[in-house]
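The values are calculated or read from the model by the stated rules, or taken from the named source; none is laboratory data. This is a predicted model, so every value here is computed, not measured. Cβ atoms come from the backbone with ideal geometry, glycine included; neighbour counts cover every protein chain shown. Ligands, DNA and RNA are excluded from the accessible area calculation, which covers all protein heavy atoms including side chains. Shrake-Rupley method; radii C 1.70, N 1.55, O 1.52, S 1.80 Å.
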Amino acid sequence: MKVARPAILAVDGGNSKTDLALVSAGGELRALVHGATVSHQQVGLAAGAARLEELAVRAARDARLESTSRPLAEVAVLCLAGADFPSDVRALAAAVRPLKLAREVVIRNDGFAGLRAGTNRAWGVAVISGSGINCVGIAPNGRIASFPAVGDVAGDWGGGEGIGKDALSAAIRGRDGRGPHTRLEQLVPRHFGFRRPINLTYALYRDRVPESRLRELAPLVFAAAASGDRVARGIVDRLADEVAVMAIAMIRRLRLVRTDVDVVLAGGIMRNRDQLFFDRIEAAVRRVARRARIRRVAQRPVLGAALLGLDRMAGPERDAAETRLRSVFGG
């Protein structure tokens with residue numbers, strides 16, 4: 001029996017993982033697969049495209065489609081980490097086009113998937129904190145804005161990597177007397193199988209432990225902060241302040257200070273349960289934008305990529321399709 005082609009192929013491709021979904025025009029989830037990052041900044045354009053195709057083939061099989069019959073969907077919405085500048089988007093489009101995944105391919109920064117997943121509106125602001133950190137926004141008139149999101153060379157700090165580096169620094173300094181003592185002196189090296197922070201530093205220096213693995217320390221920092229560790233709480237507070245600063249800057253840039261703008265918090269770091277962290281963000285944002293509403297995304301941001309696909313489809317069933325899809329993802 002011939003199976004109808006899905007309307008949407010949705011991708012949320014972060015710096016550490018990728019989710020790909022096939023969705024019907026009616027909001028039915030046909031397939032959802034997970035895999036490693038396809039970010040060209042992490043693995044290169046060719047390898048990223050190959051991984052993307054592999055995920056698409058897996059999803060097609062789960063949806064009982066013939067994976068060699070292309071295109072697989074009507075529209076593909078690829079929300080990808082590293083789609084930061086127009087040159088990135090052009091390069092990604094050139095790499096993806098030969099895959100013939102869909103009749104129409106839309107490439108956006110992965111921040112826009114988080115934003116759309118967190119609000120029912122076509123506009124708002126989102127701060128995404130996963131491996132790194134980013135902030136995007138859309139004004140009611142459709143104006144789009146974002147920060148470069150290419151790391152410390154763009155003034156960025158935050159996400160798992162920023163937290164991990166601060167945690168290691170605090171552990172080292174606490175152990176050798178340059179800073180206050182902290183539980184991180186034990187927690188940080190223990191996570192990697194070492195006794196002392198300096199052992200981890202040496203392993204990083206000798207490339208025996210990839211520096212990217214420092215992002216794994218973020219949950220330990222939040223746990224230490226929750227237990228009353230003042231140094232860990234300082235790191236968590238720093239991140240909260242950075243999230244608020246990014247959101248406020250975007251709100252001002254898009255002239256949304258007097259609106260009831262949704263400020264969406266998405267990404268792996270934002271799935272923590274530290275209420276003090278979220279209270280600090282909300283208080284800072286609302287000192288500037290009093291009507292702002294803080295919204296946390298519990299669902300996978302690939303939901304937002306799929307909704308962006310639905311947004312491109314007019315018709316009387318559009319709202320019902322969004323409701324159905326959100327219910328599948330638990331939203």
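For segment 31-58, give me each residue that is out of contact with any helix residue (DSSP H, G or I) (no Cβ under 9 Å at 6 or more places or on another chain) and either in a strand (DSSP E or B) or in contact (Cβ under 8 Å) with a residue 24 or more places away in the chain (or both).
Of everything in segment 31-58, those that are out of contact with any helix residue (DSSP H, G or I) (no Cβ under 9 Å at 6 or more places or on another chain) and either in a strand (DSSP E or B) or in contact (Cβ under 8 Å) with a residue 24 or more places away in the chain (or both) turn out to be L55, R58.
Identify the residue in segment 197-209 that is farther than 18 Å from V221 by Cβ and outside any helix (DSSP H, G or I) and, among all such residues, is most open to solvent (accessible area, probe 1.4 Å).
Ranking the qualifying residues of segment 197-209, first place goes to R208.
Output the qualifying pairs, or none if there are none: Cβ atoms under 6 angstrom, residues six or more apart or on different chains, first residue in segment 276-301 and in contact (Cβ under 8 Å) with a residue 12 or more places away in the chain, second residue part of a loop (DSSP other than H, G, I, E, B) and aromatic (F, W, Y).
Listed by first residue and then by second, the contacts come to Q299/F329.
Given the criteria part of a strand (DSSP E or B), surrounded by fewer than 24 Cβ atoms within 10 Å (Cβ to Cβ) and either within 14 Å of the chain's Cα centre (by Cα) or modelled with pLDDT under 95 (or both), does R61 qualify?
Taking the combined requirement at face value, the residue does not satisfy it.
Go through R312, R300, R295 for me and flag whichever is at pLDDT 95 or above and in contact with a strand residue (DSSP E or B) (Cβ under 8 Å, 6 or more places away or on another chain).
R295
What pairs come up if the first residue lies in segment 69-91 and is open to solvent by 60 Å² or more (accessible area, probe 1.4 Å), the second is charged (D, E, K, R), and their beta carbons are under 6 Å apart, counting only those six or more places apart or on different chains?
R70/K100; E74/R103
Here are some residues: R190, R196, R175. Which one is modelled with pLDDT of 95 or more, out of contact with any Pro (no Cβ under 7 Å at 6 or more places or on another chain) and basic (K, R)?
R190
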